[in-house]
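S.K.: Dropping the structure in here first, questions after.
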Amino acid sequence: MTALPESARRGIAWRVRLARVTAPAALALVVFAGVLLVFGKNPIKAYVDIFGSTLGSAYGFSETLVKMTPLVLTAVAVAVPARIWLINVGGEGQLYIGAIFATWGALTFGHLPAWLLLPLMVVLGFLGGGLWGLIAGLLRAKGWVSETISTLLMNYVAILSLHYVVFGPWKDPEGVNYPQTAEFAPAATLPVLGQTRVHLGLALGLLAVGLFAFLLSRTRWGLEMRAIGGNADAARRNGLPVGRYVVALMFIGGGLAGLAGMCEVSAIQGRLRPSLSPGYGYTGFLISWMAGGHPLGILGAAFLLAVVTAGGDILQMTQAIPGSVVNILMAVILFVILGRRAGTR
Amino acid sequence: MLGLARGLLSGAIVSGTPLLYATLAELISQRAGIVNLGLEGVMLVGAVVGFVTCVSTGSATLAVAAAALAGAVFNMIFAFLVISRRANPLATGLALMFCGVGLSALLGAPYVGSQISGLPALPVPGLADLPLLGPALFAHDALVYLAAPVATLLWWVLFFTRWGLSLRAVGENPVAAFAAGRNPHRLQYQALILAGILGGVAGAHLSVGVAKAWAEWMTAGRGFIAVALVIFSKWHPLRAIGGALLFGGAISLQLQMQALGVPISAFLLDMLPYVLSLVVLAIWGGARRHAAPASLGRVFQGTE
């Protein structure tokens, strides 16, 4: 190979990398535009709505960060166990259980001051989601049920548990017939940034990503996880407690998703209600997959899908089409990446 | 008491039918060595296409046919990515599910609240008037009657035909199957087309046969239950009949208890099928601990 100056080579690498990101995104946008056209919607107006509303103003940008918060947490929730090839598809359920635990804290200890109540809710949220993940981890460590199946099934149990408490024991007596709990005390609300809805949960999410990166690259645990991920049998023969890692990582992953649930009830909803999550747990799985479990990649992919998700809410208002329609755009982006990745491998 | 038993049985059959079609769809995929988590999306597309066809043409038969076709075409996205582009099946499946959720919501939005007469009940002359269980067993729509025969047919095809043998060989070991002169890719495509057809029919039975309405995300996780049912029934089409009836029964029990005013929350009863599958899978896994799944791929290979 002819010797290119280092700077030029880096320039080419950057351009190639940029093309690799933008080409699939452009293709996905074209395909989604086609779908909208078929259904008689104006795709250009839809894109102006999606991107104008999410990136075009300081407020819109802040709303995108709000959407990004649970996505970062649910994505790390998948990436942590994925280090040893555990497939956690249960972020959705873990998020719900975390929210239920945190709500219990907010309703029971509402009289406590914020500096005491909020940490308590954070711990409860983590614990709730963690226990939900732990069950799947134990079943897997025993070799009884694959964690993919158990976490999937437990998602539904979790969602129904939430329905049970908001329609039953925790229903707001003053809420007429709305299935929701009473409003949380102000002390149970995470602090926000200025006039926006961006809340402390974003910092928790960034902290989780940072800790994850640190754990992987700088600790013995990260090394052992790499060993187990590389060859579980060899790791076991070398005396590594593989089963304990399975259980612990499922607990941590579940806990992080539970934290996302805690943030949503505390900062966004202000009470527990059924419309807690439009599938954040599943989106988190796809983000972690898109990023290959890489900490920085998770932030990038979470931001991209946050733009799409936040755009969906806008479309529902401006175009009178169901908000879940942006799921198509999200899926098409993934299809393009999925289809291309294998080709370059 | 008799009324309860009759309602329960009838309900188990009705609720079990879409589950059975979906389970058979997943079973074919997995026998070919491919896990399809996107079945939920395939069912939704089938449900909405079936419903829209029924509203616009008035023909339930046409609706089911359109749903089957739509399911097959939609599943081809998955097939292309996983088979031809060798994409990760789990991620592709989830993406397919999201795509189905969005697409069906878009397609179905103008039809929310539309009314259809749907699949007509076809009481079997003579049998439906039998005392005791006659009405529970013999007063259903055509798709219900066809479900168990389709499962039996699939069993025969998988275990007693050359094509079935080749398909199972591909699921066990594609390299060996290839060396033996089979074309793994073509067989897997064929399996996923069949799976798409069955998944579409499963969705259509929900919207055109049972609910006779369209609602966003009306499958409510049945596509995922089907994945569990495949393992529950040890990748065997005949055992899938029993499994689907059992799970249909759990859904039906919940409806019956509600109707009787038993003071148990509907939501707790709704959990039954999910908890039941988890418990059964755990007992199952515990019983053959020597075969503990070392990796998901191996669990899903459809080995027996």
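S.K.: State the volume of the convex hull built on the alpha-carbon positions of the range B:71-113, expressed per residue in Å³ and rounded to an integer.
M.R.: About 63 Å³ per residue, rounded to a whole number.
S.K.: Per residue, how large is the accessible surface of chain B? Use a 1.4 angstrom probe and give square angstrom.
M.R.: For chain B, the per-residue accessible area is 39 Å².
S.K.: Averaged per residue, what accessible surface does chain A expose to a 1.4 Å probe, in Å²?
M.R.: Per residue, chain A has an accessible area of 44 Å².
S.K.: Provide the gained length on full extension for the span B:T61 to B:A121, in nm with one decimal, where the gain is 0.36 nm per separating residue minus the Cα-Cα distance.
M.R.: Net length gain for the segment: 20.3 nm.
S.K.: May I ask you to work out the translational diffusion coefficient for the range A:151-215 at 10 °C, viscosity 1.306 mPa s, via Stokes-Einstein with Rh from the Kirkwood sum over Cα pairs, reported in whole µm²/s?
M.R.: The Stokes-Einstein estimate is 106 µm²/s.
S.K.: Sort A:W289, B:W155 by accessible area with a 1.4 Å probe, largest first.
M.R.: B:W155, A:W289
S.K.: Percent of Cα-Cα pairs per 5 Å bin, from 0 to the last occupied bin, for the range B:19-119, please list those.
M.R.: With a bin width of 5 Å, the distribution comes to 3, 14, 22, 23, 17, 11, 7, 4, 0.
S.K.: Hey, in the GNM for chain B with a 10 angstrom Cα cutoff, which one of B:A105, B:A169, B:A266 fluctuates hardest?
M.R.: B:A266
S.K.: Please state, as a whole number in µm²/s, the translational diffusion coefficient that the Stokes-Einstein equation yields for the range A:55-140 at 37 °C and 0.692 mPa s, with Rh defined as the Kirkwood radius across alpha carbon pairs.
M.R.: 226 µm²/s
S.K.: Provide Rg and Dmax in Å for chain A, with only Cα atoms included in the calculation.
M.R.: Just the Cα atoms of chain A yield Rg and Dmax of 21.3, 76 Å.
S.K.: Which lysines, on any chain, are close to A:K171 with Cα under 27 Å apart, when same-chain ones fewer than 8 places away are left out?
M.R.: Answer for A:K171, where 27 Å is the Cα cut-off: A:K67, listed by chain and number.
S.K.: Could I ask something else about it? Across 5 Å bins from 0, what is the distribution of all Cα-Cα pair distances for the range A:170-315, in whole percents?
M.R.: In order of increasing distance, the bins hold 2, 8, 13, 18, 17, 14, 10, 8, 5, 3, 2, 0, 0 percent.
S.K.: Please work out the C-alpha center-to-center distance from the range B:190-225 to the range A:198-219 and express it in whole Å.
M.R.: So the separation of the two Cα centres works out to 40 Å.
S.K.: Per residue, how big is the convex hull of the range A:292-345 when only Cα atoms are used? Give it in Å³.
M.R.: Expressed per residue, the convex hull around the Cα atoms of the range A:292-345 is 73 Å³.
S.K.: If you don't mind, another one. Check each residue of the range A:297-335 and keep those whose accessible area, probe 1.4 Å, is at least 40 Å² smaller with all protein chains in place than in the chain alone; give them in order of residue number.
M.R.: With the partner chains in place, the range A:297-335 has these residues losing at least 40 Å²: A:P322, A:S324, A:N327, A:I328, A:F335.
S.K.: Here's another thing I want to ask about it. Choose one answer from B:V280, B:V201, B:V52: the residue with the largest mean-square fluctuation in a GNM of chain B with alpha-carbon springs under 10 Å.
M.R.: Among B:V280, B:V201, B:V52, the largest GNM mean-square fluctuation belongs to B:V280.
S.K.: Tell me, what is the Rg over Rh of chain B, with Rh the Kirkwood radius over Cα pairs?
M.R.: Rg/Rh for chain B comes to 0.98.
S.K.: Shifting gears a bit: Rank these residues by their accessible area, most exposed first, probe 1.4 Å: A:F126, A:F335.
M.R.: The ranking, largest first, comes out as A:F126, A:F335.
S.K.: So how much accessible area does A:D313 have, in Å² to the nearest 10, using a 1.4 Å probe?
M.R.: 70 Å²
S.K.: Give, to the nearest whole percent, the P(r) tail of the protein assembly as shown beyond 34 angstrom, counting all Cα pairs.
M.R.: The share of Cα pairs beyond 34 Å in the protein assembly as shown comes to 45 percent.
S.K.: Also, I was wondering about something else. With a length cut of 20 Å (Cα positions projected on each helix's long axis) and a Kyte-Doolittle mean of at least 1.6, go through chain B and give me the DSSP H helices that pass.
M.R.: In chain B, the long hydrophobic H runs are B:39-57, B:60-79, B:89-108, B:142-160, B:272-287.
S.K.: Indicate the gyration tensor shape class of the range A:94-231 (rounded, prolate or oblate), computed on the Cα atoms with a ≥ b ≥ c the square roots of the eigenvalues: a/c under 1.5 is rounded; otherwise a/b larger than b/c is prolate and the rest oblate.
M.R.: The shape class here is oblate.
S.K.: Same structure, new question: Given a 10 angstrom Cα cut-off, can you work out which residue in B:T161, B:T152, B:T23 is the most mobile in a GNM of chain B?
M.R.: With Cα springs under 10 Å in chain B, the top fluctuation among B:T161, B:T152, B:T23 is at B:T161.
S.K.: Around A:S53, what is the net charge, scoring Lys/Arg as +1 and Asp/Glu as -1 over all other residues with Cβ under 15 Å from its Cβ?
M.R.: It works out to a net charge of 0.
S.K.: A further question on this structure: Can you grab the distance from the C-alpha centre of the range B:33-102 to the C-alpha centre of the range A:237-307, Å, no decimals?
M.R.: Computed from Cα coordinates, the inter-centre distance equals 27 Å.
S.K.: Computed on protein heavy atoms with a 1.4 Å probe, what is the summed buried accessible area for the chain pair A and B, in Å² to the nearest 100?
M.R.: 4100 Å²
S.K.: How big is the Cα convex hull of the range A:63-102 in projection, averaged over all directions, in nm²?
M.R.: That works out to 3.2 nm².
S.K.: Hey, another quick one. What is the range B:65-205 by shape, rounded, prolate or oblate, if you read a ≥ b ≥ c off the alpha carbon gyration tensor as root eigenvalues and call it rounded for a/c under 1.5, prolate for a/b larger than b/c, and oblate otherwise?
M.R.: Oblate is the answer for the range B:65-205, as a/c is 1.5 or above yet b/c matches or exceeds a/b.
S.K.: Still on this model: Between the chain alone and the structure with every protein chain in place, find the residues of the range A:154-178 that drop at least 50 Å² of accessible area; heavy atoms, 1.4 Å probe.
M.R.: A:Y156, A:V157, A:L160, A:Y164
S.K.: Setting aside same-chain residues fewer than 8 positions from A:K142, which lysines have a Cα under 27 Å from its Cα?
M.R.: B:K234
S.K.: Leaving ligands, DNA and RNA out of it, report the carbon-plus-sulfur percent of the accessible area of the range B:120-216 at a 1.4 Å probe.
M.R.: Roughly 73 percent of what the probe reaches on the range B:120-216 is carbon or sulfur.
S.K.: Let me ask something else about it. Please report the orientation-averaged projected area of the range A:97-138, defined via the convex hull of its C-alpha atoms, in nm².
M.R.: Mean shadow area of the hull around the Cα atoms is 2.6 nm².
S.K.: Let me ask something additional. Could you work out the per residue convex hull volume over the alpha carbons of the range B:182-288, in cubic angstrom?
M.R.: Enclosed volume per residue, from the Cα hull, is 138 Å³.
S.K.: Rounded to the nearest percent, how much of the accessible area of the range A:110-208 (1.4 Å probe, protein heavy atoms only) is carbon and sulfur?
M.R.: Looking at the range A:110-208 in its full context, I get 71 percent from C and S.
S.K.: How much accessible surface area, in Å² rounded to 10, belongs to the heavy atoms of B:L127 with a 1.4 Å probe?
M.R.: Surface accessible to solvent at B:L127 totals approximately 70 Å².
S.K.: Within the accessible area of the range B:1-57, what % is carbon and sulfur when the probe is 1.4 Å and the other protein chains stay in place?
M.R.: Exposed carbon and sulfur together represent 71 percent of the surface.
S.K.: Now, a different point. Return the calculated 222 nm mean residue ellipticity for the protein assembly as shown, to the nearest 500 deg cm²/dmol, obtained by summing -39500 (n - 2.57) across DSSP H runs with n ≥ 4 and dividing by the residue count.
M.R.: Value at 222 nm, helices only, nearest 500: -24000 deg cm²/dmol.
S.K.: For an R0 of 30 angstrom, estimate the FRET efficiency from the Cβ-Cβ distance between A:R220 and A:V30 and round to the nearest 0.05.
M.R.: For R0 = 30 Å, the calculated efficiency reads 0.05.
S.K.: Express in Å², to the nearest 10, the accessible area of B:F267 obtained by rolling a 1.4 Å probe over the protein heavy atoms while all chains stay in place.
M.R.: In the full protein context, B:F267 sits at about 40 Å².
The values are calculated or read from the model by the stated rules, or taken from the named source; none is laboratory data. Not measured: the values here are computed from a predicted model. All Cβ positions, glycine included, derive from the backbone under ideal geometry; neighbour counts span all protein chains shown. When the accessible area is computed, the model is the full protein with side chains, heavy atoms only, and any ligands, DNA or RNA have been set aside. Shrake-Rupley method; radii C 1.70, N 1.55, O 1.52, S 1.80 Å.
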